[in-house]
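S.K.: Just dropping this structure here.
The values are calculated or read from the model by the stated rules, or taken from the named source; none is laboratory data. Remember, predicted model here, so these are calculated numbers, not experimental data. For neighbour counting, all protein chains shown are included, and Cβ atoms are generated from backbone atoms with ideal geometry for every residue, glycine included. When the accessible area is computed, the model is the full protein with side chains, heavy atoms only, and any ligands, DNA or RNA have been set aside. Shrake-Rupley method; radii C 1.70, N 1.55, O 1.52, S 1.80 Å.
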Amino acid sequence: MRRIGSFFVRIFSFFRKEFVEVLRQPKLILTLILGPFLILLLFGLGYTNQRPPERTMFVISKDNPFAEQIKNKAADLDYVIKLVGVTDDFDLMMRNLNRNAIDLGVIIPDNVYETIRSNQQALIETYHNQIDPAQITYMEYMGAFLADVINRQILQSVAEQGQIEAQNVGPLVDNAIENTRNTRIMLEQGDVESAQHYQRAVRGNLSTLQLAVGTSASLLQGINQEFGGDAGSEGDILAKLQTTQDNTAIAQDFQTGQENYDQEIASLQEEENILLELQTDLDSFTSIHPAIITRPFVSKTKSAIQAEVSPTSFFIPGVIVLLLQHMTITLSSLSLVRERRAGTMELFRVSPLKPVEILFNKYFSYLVIGLLIAAILALVVRFGLNSPMLGSWVDMLIVVVLLLFASLGVGFIISFLSKTETQAVQLSMIALLFSVFFSGFFLDLRYLLYPVRYISYLIPATYGIQMLQLNMLRGLPINQTSMFSLAGFGLALFFIAWLLLRRTMADE
Amino acid sequence: MENVLMQTVTSLTDNVISFEGVTKTFGEQDAVHDLSFVFPKGKIIGLIGPSGSGKTTTVRLMTGIYHPTEGKIHVMGSDPRSFTLEEREKIGYMTQNFVLYPDLSVKENLAFAGAIYGFGFGHRAKRIKNLLEFVELSDDSKKLARNLSGGMQRRLALAAALIHDPDLIFLDEPTAGIDPILRRKFWDHFIDLRDQGKSLVITTQYVNEASYCDLVGVMAEGKLLFLKKPEDLMKTAFGGDVLMLNTEDSLSDTLNNELQQLPFVQGELTFLQDGSLRLIVDEAATALPQVMEWFKNKELALQSAEQYFPPYDDVFVKLIEDYRSNIETPAENGGLA
């Protein structure tokens, strides 16, 4: 019973000692916690995540028919490019690029139509002055994007032309309908001669239509086929035209002296209906905006996550994890180095404290200190920075406890590798640097190749960031694999730290 | 005392510490070499010696911080390497350097030291109060340890070593940097502790403090040259008790020779610059009356005659010088190497 009492007395005393020592080192707290937190705050306030438009200069010869269109289109693209100028001087553009007056130079080729007619694609070249690989990739994307915009512009012109043609054939369809109707009426009245007159007029109307409808009919038919429309109905203008021409009531002359013309009259009624459908199709086609014809699909991406995750919010779980890991590693690594260098370890060796008890007490002390700091951090980011917290606070507590537990192991092992406090701080900084690159804080771990990626799984922050992001930003429960991995990792580190402390205290 | 090692073999229970041929080597260097001795229970044993003589290493071997390269050590009947928790709780240890926490206050340091031994708040509060009074730090109990003077830090460390009322106390230079008045107070307290049945092993560079010890071990170059009662050390250093005589007239060579031939007189007579005569005798108590009788018989005027107690500094210096000059060897003078 006395032993149990002593156990708790020691735990409390260790905690009190470590806590008071930490509190009495305000510079340390400032460096470890407040400093990084202020950096985060500054980053959150200053970072917009909106890329400024690229300062762009077009190089295009004066007699190029696209020159005016390019200027107009550039104005529409002001969300991605800022038109600095249009010139026909390639060298001027390059000078501007080299002195960083512009970000992008776009060369529009001459003789575009001739190139296309010769069954070749016209090449749009883009020049940039970036050295950052990510920026280079963006510039390559920008080049492809501008080519796509110009391609769409050309397609849109074609579509507009087709619509104009379709509008022109409208009166021809009206005439064909009128003449077909008159043909039918004459036959119904038994006036075969007049019917024959109107029949010839319909044939003439249909032949003219066949020629006139050309571009627009092909375009509309192409759209229908490409996007899975009903080729047998409104889109199939050419087929309908052919049907009307092939109708026997139109194609064959009426014979006089027949007993009745019921069959021909029915065929003419059918012909009239088809022509009316054709009229409707053409009306529909001309009513579609050319931009919709050339860009029938637009996309809108929506997040399945309940909260809106700003760039700052996204990084907050990672920052919390890195701060806690770094603080814990630094404090624990310094703690044992100090005990050793100050000589208090000598007192411990004579005292009834066992190595495992010293380590347990230290773990407990720094775990509680870490939890206090984590609580403050969590409250500040939740209510100060309005960071989303979609998950459970209990899950967050579990993640933080496991993270601190594993980080303490790293810190204590560092303390055994360090002879001086300076060495301990340096190794702690290296651990932080490692974590920034390999924990998934900045870079998605999928970009890391094996076996390098294995390094990531030796860093407590890797698990911590994964679990805390899931919890805070997605509201999902703790990933069991990550949780047990981190707990196992922490236990392994505790065991190693215990062995090292035991060896240190055993003999000199 | 002459055969302390044998006592170890025959009566371990009466001895608190025993060393048998203990050597501790660091690298190629022997920090202590072939130490064999026993320390009796309930005594103050002082270890004196020049810096680097192996005093601290010997204490560390006793506490189990160091393990011997050769030889056997028993402390409270156990090998220090396998001390039980109960045995460790009986040990108090004050290191040579200040090893408490500079960012904790005096009181917080003592509270932590007490807690290590499982003392709850209630139990240790009164103990801390008494110890603070003893080391005269009551008024400074809230001061951070880093803001204390060197002497105050030593006092704090001493209080921390005694916080759990240990039975066996190792104090490595507890009075270094302490003013003479407080130093005296410390020794009074050590004697009190001894009288309560506790055993104390105390290293010191203040050689005069040897007089407070029950046994004094003189160390040099990793060896224990002597382990004796303080008064016996004087005899060892000078070859016997010292009598100091002042005569009105100087003695003739014949009388000098005659005096030297007396059976209780050891070695040569020494005439000091102030005219006094130093005489080494077997036992001052028996020799002094006989010397006075001899002067009376010779009708020589004797102004004063008394036993002289040389300062322990002189004793220590003499012992070390003699050792270094290889004049004496441990086997010849009864010391235990």
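S.K.: Which residue is farthest from the other protein chains (Cβ to nearest Cβ), if the candidates are limited to the range B:74-98 and must be crowded, with 20+ Cβ neighbours inside 10 Å and touching a Ser or Thr at 6+ places or on another chain (Cβ under 7 Å)?
M.R.: B:Pro80
S.K.: Go through the range A:470-508 and give me each residue that's away from chain B (no Cβ under 14 Å) and not in a helix (DSSP H, G or I). Full working, then the answer.
M.R.: Residues of the range A:470-508 that are away from chain B (no Cβ under 14 Å), as a first pass: A:470-501.
Scanning the range A:470-508 gives A:Gly475, A:Leu476, A:Pro477, A:Ile478, A:Asn479.
S.K.: Another question, if that's okay. Just wondering, is there one or more residues in the range B:24-42 that are more than 22 Å from B:Tyr212 (Cβ to Cβ), of a type in the set (Phe, Trp, Tyr), within 14 Å of chain A (Cβ to nearest Cβ) and part of a strand (DSSP E or B)? Break it down stepwise before answering.
M.R.: Kept after step one, since they are more than 22 Å from B:Tyr212 (Cβ to Cβ), are these residues of the range B:24-42: B:24-36.
Cutting the leftovers down to of a type in the set (Phe, Trp, Tyr) gives us B:26.
Retained after the next criterion (residues that are within 14 Å of chain A (Cβ to nearest Cβ)): B:26.
Okay, now just the ones that are also part of a strand (DSSP E or B), so B:26.
Among the residues of the range B:24-42, at least one is more than 22 Å from B:Tyr212 (Cβ to Cβ), of a type in the set (Phe, Trp, Tyr), within 14 Å of chain A (Cβ to nearest Cβ) and part of a strand (DSSP E or B), which makes the answer yes.
S.K.: Something else now. Look through A:Glu270, A:Glu259, A:Glu264 and report the one residue that is in a helix (DSSP H, G or I), open to solvent by 80 Å² or more (accessible area, probe 1.4 Å) and either closer than 30 Å to A:Asn471 by Cβ or among the acidic types (Asp, Glu) (or both).
M.R.: Being in a helix (DSSP H, G or I), open to solvent by 80 Å² or more (accessible area, probe 1.4 Å) and either closer than 30 Å to A:Asn471 by Cβ or among the acidic types (Asp, Glu) (or both) holds for just one of A:Glu270, A:Glu259, A:Glu264, which is A:Glu270.
S.K.: Mind listing whichever residues of the range A:446-469 are farther than 28 Å from A:Arg382 by Cβ, outside any loop (DSSP other than H, G, I, E, B) and not aliphatic (A, V, I, L, M)? Break it down stepwise before answering.
M.R.: Taking the range A:446-469 and keeping what is farther than 28 Å from A:Arg382 by Cβ, we get A:446-455, A:457-458.
Still in the list and also outside any loop (DSSP other than H, G, I, E, B): A:446-447, A:452-455.
Residues satisfying the conditions are A:Arg446, A:Tyr447, A:Arg453, A:Tyr454.
S.K.: Consider A:Leu473 carefully, then state whether it is out of contact with any strand residue (DSSP E or B) (no Cβ under 9 Å at 6 or more places or on another chain) and either without any contact (Cβ under 8 Å) to a residue 12 or more places away in the chain or open to solvent by 60 Å² or more (accessible area, probe 1.4 Å) (or both). Break it down stepwise before answering.
M.R.: Numbers: out of contact with any strand residue (DSSP E or B) (no Cβ under 9 Å at 6 or more places or on another chain): yes; either without any contact (Cβ under 8 Å) to a residue 12 or more places away in the chain or open to solvent by 60 Å² or more (accessible area, probe 1.4 Å) (or both): no.
No, not satisfied.
S.K.: Does at least one position in the range A:409-428 carry a residue that is within 14 Å of another protein chain (Cβ to nearest Cβ) and not in a helix (DSSP H, G or I)? Give the steps one after another, and end with the answer.
M.R.: First, the residues of the range A:409-428 that are within 14 Å of another protein chain (Cβ to nearest Cβ): A:421.
Cutting the leftovers down to not in a helix (DSSP H, G or I) gives us none.
Looking for residues that are within 14 Å of another protein chain (Cβ to nearest Cβ) and not in a helix (DSSP H, G or I), one finds none in the range A:409-428, hence no.
S.K.: If A:Asp253 satisfies all but one of (1) charged (D, E, K, R); (2) surrounded by fewer than 19 Cβ atoms within 10 Å (Cβ to Cβ); (3) in contact (Cβ under 8 Å) with a residue 60 or more places away in the chain, what's the number of the condition it fails?
M.R.: (3)
S.K.: Determine which single condition A:Val173 fails, assuming it passes every other condition in (1) within 15 Å of A:Phe285 (Cα to Cα); (2) modelled with pLDDT under 80.
M.R.: (2)
S.K.: Turning to a different aspect of this structure: Here are some conditions: (1) within 14 Å of chain B (Cβ to nearest Cβ); (2) buried (at least 21 other Cβ atoms within 10 Å of the Cβ); (3) at pLDDT below 90. A:Glu357 meets all but one. Which one does it not meet?
M.R.: (2)
S.K.: Looking at the range B:126-145, which of its residues are open to solvent by 70 Å² or more (accessible area, probe 1.4 Å) and either on the phi > 0 side of the Ramachandran plot or aliphatic (A, V, I, L, M) (or both)?
M.R.: Across the range B:126-145, the qualifying residue is only B:Glu136.
S.K.: Can you tell me how many residues within the range A:74-112 are open to solvent by 80 Å² or more (accessible area, probe 1.4 Å) and without any contact (Cβ under 8 Å) to a residue 24 or more places away in the chain?
M.R.: So the answer is 5.
S.K.: Residues that are over 30 Å from B:Asp103 (Cα atoms), at least 2 per element: which helices (runs of 4 or more DSSP H) completely within the range A:1-108 meet that? Steps first, please.
M.R.: Working: elements: A:2-23, A:26-29, A:35-46, A:67-76, A:90-98.
Helices (runs of 4 or more DSSP H) meeting the threshold: A:35-46, A:67-76, A:90-98.
S.K.: Give me the pairs, please: first residue somewhere in the range B:234-258 and more than 30 Å from B:Ala210 (Cβ to Cβ), second residue anywhere and open to solvent by less than 20 Å² (accessible area, probe 1.4 Å), beta-carbon distance under 8 Å, and either six or more positions apart or on two chains.
M.R.: Once the first residue is more than 30 Å from B:Ala210 (Cβ to Cβ) and sits in the range B:234-258, its partners that are open to solvent by less than 20 Å² (accessible area, probe 1.4 Å) give B:Thr247/B:Leu277; B:Thr247/B:Phe295; B:Leu251/B:Leu259; B:Leu251/B:Leu277.
S.K.: If you don't mind, another one. So, in the range B:145-166, how many residues would count as being in contact with a Pro (Cβ under 7 Å, 6 or more places away or on another chain) and not small (Gly, Ala, Ser)?
M.R.: We begin by selecting, within the range B:145-166, every residue in contact with a Pro (Cβ under 7 Å, 6 or more places away or on another chain); these are B:145-146, B:154, B:158.
Of the ones still in play, those that are also not small (Gly, Ala, Ser) are B:146, B:154, B:158.
The number of residues fulfilling the criteria is 3.
S.K.: Just checking, does the range A:135-143 include any residue being in the same structural domain as A:Ser284 (by TED's automatic domain parsing) and over 30 Å from the mean Cα position of the chain (by Cα)?
M.R.: So in the range A:135-143, the residues in the same structural domain as A:Ser284 (by TED's automatic domain parsing) come out as A:135-143.
Add one more test, that the residue is over 30 Å from the mean Cα position of the chain (by Cα), and what stays is none.
No, the range A:135-143 contains no residue that is in the same structural domain as A:Ser284 (by TED's automatic domain parsing) and over 30 Å from the mean Cα position of the chain (by Cα).
S.K.: Could you list, in sequence order, the residues of the range B:99-112 that are at the interface with chain A (Cβ under 8 Å from one of its Cβ atoms), within 16 Å of A:Phe15 (Cβ to Cβ) and buried (at least 20 other Cβ atoms within 10 Å of the Cβ)?
M.R.: Selection gives B:Tyr101, B:Leu104, B:Glu108, B:Ala111, B:Phe112.
S.K.: Another question, then. Just checking, does the range B:279-302 include any residue being open to solvent by 20 Å² or more (accessible area, probe 1.4 Å), at pLDDT 80 or above and under 30 Å from B:Ser53 (Cβ atoms)?
M.R.: no
S.K.: Is one or more of the residues making up the range A:374-381 open to solvent by 10 Å² or more (accessible area, probe 1.4 Å) and part of a loop (DSSP other than H, G, I, E, B)?
M.R.: For the range A:374-381, residues open to solvent by 10 Å² or more (accessible area, probe 1.4 Å) and part of a loop (DSSP other than H, G, I, E, B): absent.
S.K.: Considering the range A:326-348 alone, what residues qualify as being of a type outside the set (A, V, I, L, M, F, W, C), within 21 Å of B:Leu104 (Cβ to Cβ) and open to solvent by less than 20 Å² (accessible area, probe 1.4 Å)?
M.R.: Filtering the range A:326-348 for residues of a type outside the set (A, V, I, L, M, F, W, C) gives A:326, A:328, A:330, A:332-333, A:335, A:338-341, A:343-344, A:346.
If we keep only those that are within 21 Å of B:Leu104 (Cβ to Cβ) as well, we get A:330, A:332-333, A:335, A:338-341, A:343-344, A:346.
Listed by number, the residues that qualify are A:Thr330, A:Ser332, A:Ser333, A:Ser335, A:Glu339, A:Gly343, A:Thr344.
S.K.: Now a separate question. For A:Pro65, work out the one condition from (1) crowded, with 19+ Cβ neighbours inside 10 Å; (2) modelled with pLDDT under 80 it doesn't fulfil.
M.R.: A:Pro65 satisfies all of (1) crowded, with 19+ Cβ neighbours inside 10 Å; (2) modelled with pLDDT under 80 except (1).
S.K.: I would also like to ask the following. For the range B:125-182, give me each residue that is in a helix (DSSP H, G or I) and among the acidic types (Asp, Glu).
M.R.: B:Glu133, B:Asp139, B:Asp140
S.K.: Right, something else. Could you run through the range B:115-125 and say how many residues are surrounded by 21 or more Cβ atoms within 10 Å (Cβ to Cβ) and facing chain A (nearest Cβ under 8 Å)? Let's see the steps before the verdict.
M.R.: Going through the range B:115-125, the residues surrounded by 21 or more Cβ atoms within 10 Å (Cβ to Cβ) turn out to be B:115-119, B:124.
Those left that are additionally facing chain A (nearest Cβ under 8 Å): B:115-119.
Within the range B:115-125, residues that are surrounded by 21 or more Cβ atoms within 10 Å (Cβ to Cβ) and facing chain A (nearest Cβ under 8 Å) number 5.
S.K.: If you don't mind, there's one more thing I want to ask. Taking the options A:Leu443, A:Leu433, name whichever one is open to solvent by 30 Å² or more (accessible area, probe 1.4 Å), in a helix (DSSP H, G or I), free of Cβ contacts under 8 Å to residues at least 40 places away in the same chain and out of contact with any helix residue (DSSP H, G or I) (no Cβ under 6 Å at 6 or more places or on another chain). Lay out the reasoning, then the answer.
M.R.: Values: A:Leu443 fails: in a helix (DSSP H, G or I).
The conditions single out A:Leu433.
S.K.: Next up: Please state which one of A:Leu367, A:Leu323, A:Leu403, A:Leu397 is open to solvent by 10 Å² or more (accessible area, probe 1.4 Å), closer than 27 Å to A:Leu42 by Cβ and either in contact with a His (Cβ under 6 Å, 6 or more places away or on another chain) or more than 14 Å from chain B (Cβ to nearest Cβ) (or both). Lay out the reasoning, then the answer.
M.R.: Details: A:Leu367 fails: closer than 27 Å to A:Leu42 by Cβ; A:Leu403 fails: open to solvent by 10 Å² or more (accessible area, probe 1.4 Å); A:Leu397 fails: closer than 27 Å to A:Leu42 by Cβ.
A:Leu323 is the lone residue from the list that is open to solvent by 10 Å² or more (accessible area, probe 1.4 Å), closer than 27 Å to A:Leu42 by Cβ and either in contact with a His (Cβ under 6 Å, 6 or more places away or on another chain) or more than 14 Å from chain B (Cβ to nearest Cβ) (or both).
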